[in-house]
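So the structure is just underneath, and the comments pick up after that.
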Amino acid sequence: MSSSASTTASAEAASPSGVSARPDRAEARHQSFWLWVMCLTGVDYFSTLAYQPSIAFEAMGQLAPLATLVLVGLTLAGALPIYKHVASRSPNGLGSLGMLERLLHGWTGKLVVLIVLGFAATDLVITQTLSAADAAKHIIQNPYWRDWSSQVGISPDWEVKEQCYLTIFLLLLLGAIFLRGFREVIVLAVILVSTYMLLNLTIIGSGLVYLLREPRVWDDWWSEKVLTGKWDFQAPDWARPSAWHIAALCFLFFPKLALGLSGFETGVAVMPLIRGEGENEQERLTRRIANTRKLLMTAALVMSFYLIGSSVVVSLLIEPHEFGIEGRARDRALAYLAHGEGIGQRLNPLFGQVFGTIYDISTISILWFASASAVAGLLNLVPQYLPRYGMAPQWARAIRPLVILFTGINLLVTWIFEADVSAQGGAYATGVLVLMTSACVAGVVDRWPQATYDWSRWPWTFLVITGVFVYTTIAVVIEKPSGMVIASCFIAGILITSFASRALRSTELRFIGFQFYDEQSRFLWDSMRHIEFPVLVPHRPGRRDLASKEESIRKDHHLGPEIPIVFIEAEIGDPSEFEQAPVMQVVQEQGRFVIRVTRCASIAHVIAVIGLELSRVGRPPEIHFGWSDESPFAANLSFLLFGEGNIPWMVRELIRKAEPDPDKQPRVVIG
């Protein structure tokens, strides 16, 4: 869900200011006023109000409003500054993952991205299953649905299975719609979010007005519950009903409320859809970043009010037993009041079955749209990274196979958790918090000074925020380890399938094109492609000079002085890259042509491409190699991980696959 508006996989080339001034395919999308785009964030962020107040009370009992204040403080003083920085450094919608990919290089960077991708998949998948489960909960608790169920003979004891089956139906419906095709519509998001927030404002506002008219409720809550230790949750043995102990509990256990932090990654994901006015691309980019910061700030302030207000109203006005397993307010506290249950009708005469049903319809709609947004996020996120890393088969770029795969995963997760919203909260919070922690780490790495010994230049603010999020993540994992178990399954699945796919796809040519060092190199290369050069000799610089290399090759391979030789010097760059566009320089040294290629992801691929290009005119050249004493296993592993090793065999294999006609294949000779 957090990537519903994610852009395609184009890398964000940084300008001196650290942001990309180059347009990518995201610029071709329709762009809108930032306040309307905020509603796409809202389907993720604001929809958590459907279950967040209930989960908060179940976790912290009567201390939920105080713990929510701590959560809001972390939102405004921690998450907001971090994601404002992410927006400035990753303005094309790639978010913290894009920053990590740019800041961390090689296999270390790829591995970190894959691990974070596993947590992102956890977040997005659990978003779908949890949202669908809560939508099903609102359906079966609606009085009109209960009346219909009793008429058709559905037993109340069947409620758990009924919720599970409804959740599965909603997920299958979602998958079917995506198989037919789905395009996000900002207008629909604006309507859904505006309606939902207005209804929530009516409920929360009515509750707050009632509390202002009845100050004794405040007094009873504070004096008879908070200060007496009747907190309605399992507190630690050391906790006492004192101000210091209560403050310590709120700071230590507020991570249980971490679902209220879920919308920030979405805020930067929707950046490509935000309009920025300006006369040129750089001005438009600057305005788009500024507008995104307004979006993040507005969303955080609005959600902070709703989080505090809902927590106060729910904690003070609903009886604790209603949050139990059999309770009517479990996973739907605000809907409980909207239906006039408990003291709901005393809050507002509008509250009752009709108003409650309208609220249920609005809640179900926004939860379903949040699920759809999560599917869109997965469909954008996977093709951005895995196929580009060579760590997914080609079909991973196609929509329909991915939809079927993700729908199957959703059904499995729903079956495991039995569509229980509270049970899935830990996995959801784990995914959200790891993504936010990764954004913090990316911010620290990005702002870390060159002179790290000067402690006064350290990014202390970001370090403190990172420490808080690391603590929050660890606390959630300890409290609800199921989230880490689910995330570990996703990570293991991604890593295993990724490296297996990388090995299977290693013999693809994976070549984008050469970049040229200068115009002379381009001219010489174009000239060489139209002249027959019968012998190509790979040469590793630094071992020996070209003269002795040529003498050895002519002697060992019985080549006469009349046969021209072209030397290839390939320098490995980042071997973790899959598709490559190396830099070519063509020079003449002492009458010899030398092709120097840098930034290679794989030496064998570059040599094979050069041979294939030079074979397009006349007789294909021969590529002459010396013999290697390296063991086959070590050579193959070196090729897969470091782009070297077993080069002659791999060049031959690449040529054979790329050019099926034997008469047009360059010949590989090992002497």
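The values are calculated or read from the model by the stated rules, or taken from the named source; none is laboratory data. Everything numeric here is computed off the predicted structure, so don't read it as measured data. Cβ coordinates were reconstructed from backbone atoms using ideal geometry, including for glycine residues, and neighbour counts include every protein chain displayed. For the accessible areas, the whole protein counts, side chains as well, though only heavy atoms, and no ligand, DNA or RNA atoms are used. Shrake-Rupley method; radii C 1.70, N 1.55, O 1.52, S 1.80 Å.
Brief remarks on what is shown
- Distance between modelled label sites at W107 and S242, nm, 7 Å Cα→Cβ extension: 5.5 nm
- Between L76 and N280, the simple label model (points 7 Å from Cα in the Cβ direction) yields a spacing of 3.9 nm.
- Averaged over its residues, the range 242-318 has an accessible area of 34 Å² per residue, based on protein heavy atoms and a 1.4 Å probe.
- Relative contact order (%) - criterion: Cα under 8 Å, at least six apart; region: the chain: 21 percent
- Heavy-atom accessible surface of the chain: percent carbon and sulfur, 1.4 Å: 62 percent
- Here K549 is the anchor, and the aspartates and glutamates within straight C-alpha reach of less than 13 Å, apart from those fewer than 8 places off in the same chain, are E569.
- Ranked packing of 353-359, 661-667, most packed first, by mean Cβ within 10 Å: 353-359, 661-667
- When the listed pairs K84/K294; K137/K161; K84/K110 are checked against a 20 Å cut-off, the alpha-carbon distance exceeds it for K84/K110.
- Heavy atoms of I553 accessible to a 1.4 Å probe, total area in Å² rounded to 10: 10 Å²
- Note on the chain: helix-only mean residue ellipticity at 222 nm, from DSSP H runs of 4+ residues weighted -39500 (n - 2.57) and normalised by residue number, equals -19500 deg cm²/dmol.
- Per residue solvent-accessible surface (Å²) - the range 407-556, probe of 1.4 Å: 51 Å²
- Label separation (E319 vs F499): 5.7 nm, computed from points 7 Å beyond Cα along the C-beta direction.
- Theoretical FRET efficiency, 1/(1+(r/R0)^6), r = Cβ-Cβ of A176 and I358, R0 22 Å, to 0.05: 0.25
- Listed residue (L411, T507, G431) projecting farthest to the positive dipole end of the chain, Cβ model: T507
- Under 26 Å of direct C-alpha separation, and excluding same-chain neighbours fewer than eight residues apart, K225 reaches these lysines: K256.
- Taking Cα centre as origin and charging only the Cβ of basic (Lys, Arg, +1) and acidic (Asp, Glu, -1) residues, the dipole magnitude of the chain rounds to 660 debye.
- Lys/Arg +1, Asp/Glu -1 at C-beta; the chain dipole; positive extreme among V226, L252, Q520: Q520
- Each of P65, I318, L97 was placed along the dipole of the chain (beta-carbon charges, centred on the mean Cα), and the one lying farthest toward the positive end is L97.
- Pairwise Cα inverse-distance average, inverted: Kirkwood Rh of the chain (Å): 27.9 Å
- By a 1.4 Å probe calculation restricted to protein chains, S422 has an accessible surface near 20 Å², given to the nearest 10.
- Using C-alpha pairs under 8 Å with a sequence gap of at least 6, the mean separation divided by the residue count of the range 429-563 gives a relative contact order of 20 percent.
- Put I168, I531 in order of accessible area, highest first, and with a 1.4 Å probe you get I531, I168.
- Solvent-accessible surface of protein heavy atoms, probed at 1.4 angstrom with all chains present, puts E562, E418, E589, E479 in the order E562, E418, E479, E589, largest first.
- Bridgeable aspartates and glutamates around K664 (alpha carbons under 16 Å apart, same-chain partners fewer than 8 residues away excluded): E532, E613, E622, E653.
- Ranked from largest to smallest solvent-accessible area, with a 1.4 Å probe on the protein heavy atoms, W107, W448 come out as W448, W107.
- Antiparallel content of DSSP bridges confined to the chain, in %, to 5: 25 percent
- Overall, the range 172-323 carries a charge dipole of about 360 debye about its Cα centre when +1 sits on the Cβ of Lys and Arg and -1 on the Cβ of Asp and Glu, all other atoms neutral.
- Heavy atoms of F369: accessible area, 1.4 Å probe, square angstrom to 10: 10 Å²
- Label-zone membership for the range 517-556, site V669, 7 angstrom Cα→C-beta point, backbone N under 12 Å: 534-537, 553-556
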